[in-house]
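The values are calculated or read from the model by the stated rules, or taken from the named source; none is laboratory data. All of these numbers come straight from a predicted model, not from anything done at the bench. Positions of Cβ are backbone-derived with ideal geometry, glycine not excepted, and every protein chain shown enters the neighbour counts. All accessible areas refer to the heavy atoms of the entire protein, side chains included, with ligands and DNA or RNA removed. Shrake-Rupley method; radii C 1.70, N 1.55, O 1.52, S 1.80 Å.
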Amino acid sequence: MRNAFADEILRLAREDSRVAVLSGDIGNRLFDKFKAEFPDRFYNCGVAEANMISMAAGMASCGMRPVCYTITPFVTTRCLEQIKVDVCYHGMPVMIVGTGSGLSYSSLGSTHHSFEDMAIMRVLPDMCVLAPADSGELRSCMRAALHRNTPAYIRIGKKGEPVIFAEPPPLEIGRWNIVEPGERICILACGTMLPVAVGAAAGLRAGGLQPQVMRCASVKPLDADFLRSAAADFELIATVEEHSLAGGFGSAVAEFLADAGLPRIPRLARVGIPDHFLHDCGEQEEARFHCGLDAGSIANRILGLLAR
């Protein structure tokens, strides 16, 4: 996904002279083409992420459209105050991109894990939060975010994620899309967990069920219209995310269902990272299995709720 980001930001810079890239001292070779073509619009801000965010806010206030890029925890938790006060309070159109989100860097330990980024970003007023499923959807998210005149946060994976969309799919912020139609069960898949959710749905179909799978790149705003209709149409809604169960995508859906005043609320299964640190060391797939984020575990969780 990070290669797709570098390619797409170069395209956007060619189309819009306001676009600039600010890097937290990573991806230097990744942006070689950008630097060669637009040397006056690339800034390596060093390991000073808080300063990078404040710098971007200042650039945005002067009419630029800055894009801040570095590893997810370093561009979110490390500089939350600057994002809140300098970017969101003033409504600056800064795009913040966190690479290696969730368990992408699982083998590097808790400093590089990002279980809490969506929770933190979505509580900030005017912040748009996007979680694309693959490189194609990332391109769509970047273009959609650039066209908004508000702050945006995009969490992406690292590299080697399964390709779902050969071309950037249609994407509207605040709207979700059907991947596989179904009934009784609706699986809302957030970010790079979409292929895993599709695998879980296949397991459920083998058992005679027909779950619907949705791609939900727009974490904030949610697709309120779909959730209202889904509450009436489905027996169970399952949210799937590579993020903490506390405060993430599933929490946002639960809050909506609790507050919307709906005549009927379906059962809700939130699948995500449990509320504890991951002390074991391993690659992403192993970490996902440890946290119950593999297709088999997700399918069993849904089956267990249906059996109650």
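The requirement of being in a loop (DSSP other than H, G, I, E, B), surrounded by 23 or more Cβ atoms within 10 Å (Cβ to Cβ) and either without any contact (Cβ under 8 Å) to a residue 24 or more places away in the chain or in contact with a strand residue (DSSP E or B) (Cβ under 7 Å, 6 or more places away or on another chain) (or both) is fulfilled somewhere in region 121-131, by at least one residue.
Residues in region 289-308 that are farther than 20 Å from S104 by Cα and outside any helix (DSSP H, G or I) were compared, and the one that is most open to solvent (accessible area, probe 1.4 Å) is R308.
Restricting the first member to region 256-268 and to residues that are farther than 14 Å from D225 by Cα and surrounded by 16 or more Cβ atoms within 10 Å (Cβ to Cβ), and the second to residues that are modelled with pLDDT of 95 or more and among the charged types (D, E, K, R), the beta-carbon pairs closer than 7 Å and six or more apart or on different chains are P266/E235. In a residue-by-residue description of region 244-252, the property of being open to solvent by 30 Å² or more (accessible area, probe 1.4 Å) and touching a Lys or Arg at 6+ places or on another chain (Cβ under 9 Å) applies to at least one position. Apart from one condition, A197 fits all of (1) without any contact (Cβ under 8 Å) to a residue 24 or more places away in the chain; (2) closer than 22 Å to I265 by Cβ; (3) among the small types (G, A, S); the exception is (1). Scan region 15-42 for residues that are loosely packed, with under 15 Cβ neighbours inside 10 Å, over 19 Å from N3 (Cβ atoms) and of a type outside the set (D, E, K, R) and the total you get is 2. Residue count for region 43-76 under the criterion of being in a helix (DSSP H, G or I), touching an Asp or Glu at 6+ places or on another chain (Cβ under 7 Å) and either free of Cβ contacts under 8 Å to residues at least 40 places away in the same chain or open to solvent by 30 Å² or more (accessible area, probe 1.4 Å) (or both): the result is 3.
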